[in-house]
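Have a look at the structure below before the remarks.
The values are calculated or read from the model by the stated rules, or taken from the named source; none is laboratory data. Just so it is clear, the model here is predicted, and its values are computed rather than measured. As a convention, Cβ positions derive from the backbone with ideal geometry for all residues, glycine included, and neighbour counts pool all protein chains shown.
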Amino acid sequence: MEYTSLRHTCENPQIRVLYISAPQSLNALNTQVLTELESYIDTLDKEVRVLIITGDGDKSFVAGADIAEMHGLNEPEAFEFGKLGARVFRKIETLAIPVIAAVNGYALGGGCELALACDIRYASDNARFGQPEVGLGITPGFSGTYRLPKIVGQGIAKEMIYAGKPIKADEALRIGLVNKVFPQAELLPAAIRLAENICAAAPIAVRYAKQCINNNYDMDADEAILLENRLFAKCFSSEDQKEGMGAFLNKRRPAFKDK
Ligand code: CO8
């Protein structure tokens with residue numbers, strides 16, 4: 001697919017930085033952007049071990065779903081548009097590799113929901129997070145009511161969603177919506193450093209850890225603990241487990257092969 005609303009850079013074959021790039025609307029998500037994003041995720045190179053998602057420019061990560069496109073929708077059309085966004089974000093959430101949101105400005109509505117679907121959120125100090133949908137006469141529609149309470153708790157999520165008031169980066173940090181805040185120029189380097197640390201680990205172990213953490217939300221305690229037990233054991237049939245432990249015992253750096 002030819003991308004007109006996305007661009008990427010490759011730090012090395014294992015780390016991809018994907019920019020949402022629709023500057024005329026502060027990177028708002030319309031059908032075109034979402035379709036491109038889905039295709040990008042579906043066809044991501046197998047070599048890539050960490051995906052970083054950010055917004056083009058220094059003002060906005062994603063300023064929400066595209067209000068101009070949504071304005072004239074009827075109910076069935078809104079259902080389909082919501083389904084598209086929800087499906088793409090679910091693909092991001094369940095991608096085998098870690099996804100880092102580098103939130104470099106406005107993350108409103110669908111933009112906040114995109115960040116929520118990522119594994120880890122870093123933000124620049126000018127970032128603004130919010131679910132302002134109620135002010136437009138709608139609810140969050142790209143799974144914000146599902147993910148936001150899981151990350152910040154029901155009380156805070158309800159306040160953000162019912163009142164629709166954006167919060168600054170330091171408040172997002174305080175409530176656990178983001179892991180760290182950086183000056184704008186340091187955001188992407190910090191996200192890349194984190195990606196490098198992840199890439200230094202055994203890929204199989206990182207993938208299994210993501211599977212455990214993602215799935216345990218929807219399981220009861222016994223099922224969740226059993227899943228971890230199984231995937232932990234499965235690591236022991238990998239070459240990388242022998243390599244990781246052998247390297248430790250021989251006081252050298254491991255050389256993982258994703259096998
Ligand atoms: N959609 C479309 N266009 C947008 C959006 C958006 N979400 N955000 C900004 N733009 C456009 C503006 O219209 C403007 O265009 P133009 O230059 O042609 O007038 C351009 O981007 C620049 O924006 P501003 O001039 O407004 O820039 P400011 O710096 O003054 O303000 C803000 C920046 C505060 C981000 C402001 O643009 C704003 O409030 N934007 C809307 C934010 C918002 O409400 N987002 C939530 C949208 S709803 C949503 O995301 C629901 C998700 C689920 C949908 C499910 C559907 C079924």
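Structure values in brief
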| read-out | value |
| --- | --- |
| Segment 31-59 - residue that is crowded, with 18+ Cβ neighbours inside 10 Å and not aliphatic (A, V, I, L, M) and, of those, nearest to Cys118 (Cα to Cα) | Thr54 |
| Selection count where residues are modelled with pLDDT of 95 or more, in contact with a helix residue (DSSP H, G or I) (Cβ under 9 Å, 6 or more places away or on another chain) and part of a loop (DSSP other than H, G, I, E, B), scope segment 181-218 | 2 |
| Qualifying residue in segment 74-83 (condition: of a type outside the set (Ser, Thr, Tyr) and in a loop (DSSP other than H, G, I, E, B)) | yes |
| One residue from Arg193, Arg207 being within 28 Å of Pro254 (Cα to Cα), under 16 Å from the mean Cα position of the chain (by Cα), surrounded by fewer than 18 Cβ atoms within 10 Å (Cβ to Cβ) and charged (D, E, K, R) | Arg207 |
| Unique match (being more than 16 Å from the ligand (Cβ to nearest atom) and either surrounded by fewer than 24 Cβ atoms within 10 Å (Cβ to Cβ) or among the acidic types (Asp, Glu) (or both)) among Glu159, Glu133 | Glu159 |
| Any hit, segment 91-101, residues being within 14 Å of the ligand (Cβ to nearest atom), closer than 17 Å to Arg121 by Cβ and either of a type outside the set (Asp, Glu) or surrounded by fewer than 16 Cβ atoms within 10 Å (Cβ to Cβ) (or both) | no |
| Some residue of segment 47-58 being closer than 18 Å to Val99 by Cβ, away from the ligand (no atom under 16 Å from the Cβ) and over 17 Å from the mean Cα position of the chain (by Cα) | yes |
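Here's the yes/no breakdown for (1) surrounded by fewer than 24 Cβ atoms within 10 Å (Cβ to Cβ); (2) more than 10 Å from the ligand (Cβ to nearest atom):
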residue: Phe81; (1), (2): yes, no
residue: Ala86; (1), (2): yes, no
residue: Tyr106; (1), (2): no, no
residue: Glu113; (1), (2): no, no
residue: Asp119; (1), (2): yes, yes
residue: Ser143; (1), (2): yes, no
